[in-house]
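A.B. asks: Would you mind keeping the following structure in view while I ask a few things?
The values are calculated or read from the model by the stated rules, or taken from the named source; none is laboratory data. Model, not experiment: these values are computed from the prediction. As a convention, Cβ positions derive from the backbone with ideal geometry for all residues, glycine included, and neighbour counts pool all protein chains shown. We work out accessible area using only protein heavy atoms, side chains counted, and drop any ligands, DNA or RNA first. Shrake-Rupley method; radii C 1.70, N 1.55, O 1.52, S 1.80 Å.
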Amino acid sequence: MILEKKKLFSFLADDLKALEGYLKDFTAGLEGVLKKTAESTLLAGGKRIRPGLFFICARGDSFNIKYLLPAAAAIEMIHTASLIHDDIIDRSLLRRGRETIHNTYDGDTAKFVGNYLFTQTFVLLNGYNNSKILEEMSTASQNLVRGEFDQIKTKKELHQDEKVYLKKINEKTSSLFKVSCALGGILSGSPDTEIEKMRKFGEYLGISFQINDDLLDMDSMKISENLGKHTGNDIRQGNITLPIIYAVRNRRFKKEISEIFTREEIKNKDIQKLLTMLPETDAMDHARARLGFYLGKAREAAESISEEQKKDGLLRVCSFFEQEAGGNR
């Protein structure tokens, strides 16, 4: 099923409302095309999972929303910047139900907006005068870019195994989940041992999130408009996701799948053909099992945290994912 922000973070409604106000004030201070494009991306109503995790991990007796908002906004900005750059690389037409910036304007404009949001991330975090926070985000940014490079490098390469896949998504997806949790722990004064547990939670939830996204991309029954993108988009881009890794193990379909991914352009009829094959393999069930495994690891990490407010919040996130994730069954 599709993960909905209102259900996922209902207990963080006030915090996320404050974040929306902060982002609106930020975009209101911009001008021209930069203002329009920043508004169309930052205020497009994403799930806010990363700042949501940050707010949970920042929970404590000294919780101060005004103090935390710049960091929460920085997390959302760097995530948005990464999406803008992804859309340029993938030539995506839609993002969150709206035309992408490079489609509305041009590639140079999109790069500029992405770069501006990326740099603004560090401007906001620098206000805390905490070198550890900057170090954390710098490492996450490096991993994010490395993961994107690895994905480009391995497009259409069907020989890659689950180990290669996990390395990519740990960099590309989990990096921002991990840093969101870690920054919350740091700014709330948690001990290093607790911060590492939160970081582990972010890693496992990030992996789970990406596997769920892979499953949704293969889910021909989902309503594409709710996600703002089309079913089979990863196939179209030649990205080798977990269901494909499992599907290609099926001897009956291996040759046909290989033929599709060796084509210079993967067309809609190719995508439909592949989506028709998948239910005849155990690929989706196997991917759901791995999703369940990593959600279990995330739950274990959350349960190991001694700070009750943080633990309870992260366990609520786990419960939501366990109930809602996995696509049609």
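A.B. asks: Name the one entry in Glu148, Glu203 that is on the phi < 0 side of the Ramachandran plot and modelled with pLDDT of 95 or more.
C.D. replies: Being on the phi < 0 side of the Ramachandran plot and modelled with pLDDT of 95 or more holds for just one of Glu148, Glu203, which is Glu203.
A.B. asks: Quick one: would you say Ser190 is surrounded by 19 or more Cβ atoms within 10 Å (Cβ to Cβ) and part of a loop (DSSP other than H, G, I, E, B)?
C.D. replies: When the stated conditions are applied, Ser190 passes them.
A.B. asks: If I ask for residues that are open to solvent by less than 20 Å² (accessible area, probe 1.4 Å) and among the acidic types (Asp, Glu), which ones from region 257-274 would you list?
C.D. replies: Asp270
A.B. asks: Right, something else. Could you please tell me which pairs satisfy a Cβ distance under 7 Å, a separation of 6+ or placement on different chains, a first residue in region 22-34 that is touching a residue at least 12 places away in the same chain (Cβ under 8 Å), and a second residue that is of a type in the set (Phe, Trp, Tyr)?
C.D. replies: Filtered contacts from region 22-34: Val33/Tyr105; Leu34/Tyr116.
A.B. asks: In this structure, is Asp312 over 30 Å from Gly184 (Cβ atoms) and among the acidic types (Asp, Glu)?
C.D. replies: Against the criterion (over 30 Å from Gly184 (Cβ atoms) and among the acidic types (Asp, Glu)), Asp312 does not qualify.
A.B. asks: Out of Gly238, Gly206, Gly202, which single residue is touching a Cys at 6+ places or on another chain (Cβ under 9 Å) and not hydrophobic (A, V, I, L, M, F, W, C)?
C.D. replies: After applying the criteria, what remains is Gly202.
A.B. asks: I would also like to ask the following. Considering each of Thr100, Thr109 in turn, give the residue that is within 20 Å of the chain's Cα centre (by Cα), β-branched (Val, Ile, Thr) and farther than 29 Å from Leu187 by Cα.
C.D. replies: The unique qualifying residue is Thr100.
A.B. asks: Please go through region 78-92 and pick out each residue that is at pLDDT below 90 and in contact with a Ser or Thr (Cβ under 6 Å, 6 or more places away or on another chain).
C.D. replies: Asp87, Ser92
A.B. asks: Find all pairs meeting these conditions: Cβ atoms under 7 angstrom apart; at least six residues apart or on different chains; first residue within region 201-225 and in a helix (DSSP H, G or I); second residue at pLDDT below 95 and basic (Lys, Arg).
C.D. replies: The qualifying pairs are Leu216/Lys222.
A.B. asks: Quick one: in region 125-149, which of the residues that are of a type in the set (Asp, Glu) and surrounded by fewer than 18 Cβ atoms within 10 Å (Cβ to Cβ) is farthest from the chain's Cα centre (by Cα)?
C.D. replies: Here the answer is Glu135.
A.B. asks: Tell me whether region 28-49 contains one or more residues that are in contact with a Leu (Cβ under 9 Å, 6 or more places away or on another chain) and on the phi > 0 side of the Ramachandran plot.
C.D. replies: yes
A.B. asks: Restricting to region 291-329, what's the tally of residues that are under 30 Å from Pro279 (Cβ atoms) and in contact with a Ser or Thr (Cβ under 8 Å, 6 or more places away or on another chain)?
C.D. replies: Qualifying residue count, region 291-329: 6.
A.B. asks: Tell me whether region 275-297 contains one or more residues that are within 30 Å of Gly60 (Cβ to Cβ) and surrounded by 21 or more Cβ atoms within 10 Å (Cβ to Cβ).
C.D. replies: Taking every residue of region 275-297 in turn, at least one turns out to be within 30 Å of Gly60 (Cβ to Cβ) and surrounded by 21 or more Cβ atoms within 10 Å (Cβ to Cβ).
A.B. asks: Quick one: in region 302-327, which of the residues that are closer than 28 Å to Met284 by Cα and either polar (S, T, N, Q) or free of Cβ contacts under 8 Å to residues at least 24 places away in the same chain (or both) is surrounded by the fewest Cβ atoms within 10 Å (Cβ to Cβ)?
C.D. replies: Only one residue tops the list, namely Gln323.
A.B. asks: Quickly run through region 282-309 and pick out the residues that are farther than 18 Å from Ser188 by Cα and of a type in the set (Asp, Glu).
C.D. replies: Passing the criteria: Asp282, Asp285, Glu300, Glu303.
A.B. asks: Determine if region 61-73 includes at least one residue that is touching a residue at least 60 places away in the same chain (Cβ under 8 Å), more than 30 Å from Ile235 (Cβ to Cβ) and not in a helix (DSSP H, G or I).
C.D. replies: yes
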